[in-house]
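Structure first, then comments.
The values are calculated or read from the model by the stated rules, or taken from the named source; none is laboratory data. Note that the structure is predicted; figures quoted are calculated from it, not measured. For neighbour counting, all protein chains shown are included, and Cβ atoms are generated from backbone atoms with ideal geometry for every residue, glycine included. For the accessible areas, the whole protein counts, side chains as well, though only heavy atoms, and no ligand, DNA or RNA atoms are used. Shrake-Rupley method; radii C 1.70, N 1.55, O 1.52, S 1.80 Å.
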Amino acid sequence: MAKIQAVFERLQAQGRKALIPFITAGDPDPALTVPLLHTLVRAGADIIELGVPFSDPMADGPTIQRASERALAKGVSLRQVLELVASFRIDDQHTPIVLMGYANPIEAMGVDAFAAAADRSGVDGVLVVDYPPEEGIEFAQILHQYGLDPIFLLAPTSSDQRISQVAALASGYIYYVSLKGVTGSASLDVAAVAARIPEIRTRTGVPVGVGFGIRDAATAAAVAEIADAVVIGSRIIEEIEQSSADQACTRVFALLADIRRGMDAATNRQGGTTWVR
Amino acid sequence: MAEHDYDLPDARGHFGPYGGVFVAETLIAALDELREAYAAAQRDPQFVAEFAYELKHYVGRPSPIYHARHWSDALGGAQIYLKREDLNHTGAHKINNCIGQALLARRMGKPRVIAETGAGQHGVATATVAARYGMQCIVYMGAEDIQRQAANVYRMKLLGASVVPVESGSRTLKDALNEAMRDWVTNVSDTFYIIGTVAGPHPYPMMVRDFQSIIGRESIAQMQEQCGRQPDAVIACVGGGSNAMGIFHPYIPVAGVRLIGVEAAGDGIATGRHAASLTAGRPGVLHGNRTYLLQDENGQITETHSISAGLDYPGVGPEHAWLKDSGRAEYVTVSDAEALQAFHDLCRREDIIPALESSHALAYATRLAPTLAKDQILLINFSGRGDKDMHTVAEKSGITF
Ligand SMILES: Cc1ncc(COP(=O)(O)O)c(C=O)c1O
């Protein structure tokens, strides 16, 4: 639990914002996942969201669906995703890993067995897309028992009451989904996001990350000025999809490093906002 | 279970451990809006009256109950009665639910309706009601199913609907449902998602059941009138489970009536090529609810097989999961071959051509009836007519048109 919080505290002291890239474990091949994770860290990632492939990714757009299908075609299971995290941990004990996926593979393993295994493998947080807070209370409690952070989503349509409901369960950070739609949808409306975040902050001290629709350094920079973290997924997957296996790390590095520079330039100008009230 | 006070689901859509609202936060507001709109509509006499009017004058309800005498005699046991949902407009029970949801969409001011379809029956019913109420209609259909069900695709297009092929996953019904959900979350302000069965997140399983319960309510009155008593067993096929829930639900508190759901065993349960989620699946989470699912050991949803596209679904409505665990209903399976045999039997003995889905319920009756006395009664939900299946059956018999 402490690891994600520590990242936000360190960044806050530096007046910087967290960069959280997303990739799907096992896409395009399990052999590439650990090298990609290290690449993301070298390019400036503070935390990494690692997608667990699922046969029916209902909340994802075509890009992440394809990533999921490529990984499943290689037979990647939740068990193997945990093994990949453990391999990443041999050389990196610091960068928090948040697993992001759907409920069924976790329930098939058993929630308690999963939490124990995730903790052993070096996972720090878990975001289950189809566990909204009302169905995720027990899950969040079990994660907390193992020192893992349950990450929850909020949307532009979430009522104040729901924000409070999420605030009561969440730790690590809260993931604000910037638009109506699935992952990889059209670009986000920064002004609309900026209008919403203060309401969330009045109800929780947990840092707020923003994602869905962030595709370039300029948007990432604009979001960094208003939120505590920038989550970027589909754009990275597209880069992986368009690269040959031996080029994927180089191209992903270039993309993410550019986004990192954009964010840091923006927060330097701004002098850094704080998420702690 | 105290049958007389059955009042599930609870306020958040749970049937015991099943059902619920397992969706991303982005869909929660839309489901809240739907739940409130449906609760208000149920209390509004004008909505209730309009639904009843449409069922009577447009669908042609009440559907008759028919005593299949020749077939009962041939089987030499219980008397078999058929609840004739095949005589509804568009040829199946699906229209009951589509009218209810389309009226609700209109009341909510949503000009655009979307639907998923497997066999195309729900797509056709949705396209039909959308045309009737002047709504734009988009139907998601697996690319695989579009190949298998060309006639229904053409029917939907004739009715003005756009049919969108779904290329993701296994390219069948479950993927069409995923894609419809993605459309809904993106276009939530002007779009109503008409789900075709008692699955999905709350309130869908409850709402679809309520709209389909007209089948069971009519049956109770008609059986009393025609036979002076209720049947010994009610039998229905189970895909997602809407025709079965429709006839079962009013019977849940009626003591002494067995409720039997028939799942598709495809090539046989042992082959793994089947669609029997309750019989061979394990509980899990898919499409917004917790229920029995066909899945591998890693929790990935597996592909299903049935000769009948309408039963070819790896999940099942959560209320069936509850009825199974509680013991109030029994679930059995029928293979492709048995269903085909029943299809032919009914054509010959009663001059009625059943849908391949309904043929599964009929096939189970052929097993059960001979074990019962001649004065016992089986009531089968005859969920649809078989015109759409001519092609499949002909192919199995080696005939090409
Ligand atoms: C005639 C008929 N019966 C049954 C079904 C199965 O659906 P459900 O289990 O929801 O009744 C279908 C689905 O397409 C159908 O067309």
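Can you find a residue that is open to solvent by 40 Å² or more (accessible area, probe 1.4 Å) and over 18 Å from the mean Cα position of the chain (by Cα) anywhere in segment B:115-133?
Yes, segment B:115-133 has at least one match.
Yes or no, residue by residue, for (1) over 29 Å from B:ALA29 (Cα atoms); (2) not aliphatic (A, V, I, L, M):
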position	(1), (2)
B:ASN88	yes, yes
B:ASN97	no, yes
B:LEU104	no, no
B:ALA130	no, no
B:GLN136	no, yes
B:ASP145	yes, yes
B:GLN149	yes, yes
B:VAL188	no, no
Inset, instruction - Return yes when B:ALA236 is modelled with pLDDT of 95 or more, within 11 Å of the ligand (Cβ to nearest atom) and aliphatic (A, V, I, L, M) and no when it is not. - result: yes
Inset, instruction - Determine, yes or no, whether B:ALA221 is open to solvent by 30 Å² or more (accessible area, probe 1.4 Å) and away from the ligand (no atom under 15 Å from the Cβ). - result: yes
Inset, instruction - Scan segment B:243-264 for residues that are closer than 18 Å to B:VAL334 by Cβ and within 15 Å of the ligand (Cβ to nearest atom) and jot them down. - result: B:ASN243, B:ALA244, B:ILE247, B:PHE248, B:LEU259, B:ILE260, B:GLY261, B:VAL262, B:GLU263, B:ALA264
Inset, instruction - Please go through segment B:56-97 and pick out each residue that is among the polar types (S, T, N, Q) and either within 16 Å of the ligand (Cβ to nearest atom) or touching a helix residue (DSSP H, G or I) at 6+ places or on another chain (Cβ under 6 Å) (or both). - result: B:SER63, B:GLN79, B:ASN88, B:THR90, B:ASN96, B:ASN97
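Considering segment A:32-61 alone, what residues qualify as being part of a helix (DSSP H, G or I) and not basic (Lys, Arg)?
Start the filter on segment A:32-61 by keeping residues that are part of a helix (DSSP H, G or I), which leaves A:32-42.
Correct list: A:LEU32, A:THR33, A:VAL34, A:PRO35, A:LEU36, A:LEU37, A:HIS38, A:THR39, A:LEU40, A:VAL41.
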Legend entry - Elements of type helices (runs of 4 or more DSSP H) in segment B:102-172, at least 3 residues being within 13 Å of the ligand (Cβ to nearest atom): B:121-133
Inset, instruction - List the number of the failed condition for B:ALA39; all other conditions in (1) among the aliphatic types (A, V, I, L, M); (2) assigned to a loop (DSSP other than H, G, I, E, B); (3) open to solvent by 20 Å² or more (accessible area, probe 1.4 Å) hold. - result: (2)
Legend entry - Residues of segment B:84-100 satisfying the condition of being over 15 Å from B:ALA161 (Cβ atoms) and open to solvent by less than 20 Å² (accessible area, probe 1.4 Å): B:GLU85, B:ASP86, B:ASN88, B:GLY91, B:ALA92, B:HIS93, B:ASN96, B:ASN97, B:ILE99, B:GLY100
Inset, instruction - Would you be able to say whether some residue in segment A:100-118 is touching a helix residue (DSSP H, G or I) at 6+ places or on another chain (Cβ under 7 Å), surrounded by 23 or more Cβ atoms within 10 Å (Cβ to Cβ) and either in a loop (DSSP other than H, G, I, E, B) or at positive phi (or both)? - result: no
Inset, instruction - For segment B:317-340, indicate whether the set of residues that are open to solvent by 10 Å² or more (accessible area, probe 1.4 Å), out of contact with any strand residue (DSSP E or B) (no Cβ under 7 Å at 6 or more places or on another chain) and within 15 Å of the ligand (Cβ to nearest atom) is non-empty. - result: no
Inset, instruction - Check whether at least one residue in segment B:205-213 is open to solvent by less than 20 Å² (accessible area, probe 1.4 Å) and of a type in the set (Ser, Thr, Tyr), and report yes or no. - result: yes
Inset, instruction - Please work out if A:ALA191 is over 21 Å from A:LEU99 (Cβ atoms), open to solvent by 40 Å² or more (accessible area, probe 1.4 Å) and part of a helix (DSSP H, G or I). - result: yes
Legend entry - Residue within segment A:45-56 that is of a type outside the set (S, T, N, Q), over 16 Å from the mean Cα position of the chain (by Cα) and under 30 Å from B:PRO201 (Cα atoms) present: yes
Legend entry - Test set (1) surrounded by fewer than 24 Cβ atoms within 10 Å (Cβ to Cβ); (2) facing chain B (nearest Cβ under 10 Å); (3) in contact with a Pro (Cβ under 8 Å, 6 or more places away or on another chain) - A:PRO156 fails condition number: (3)
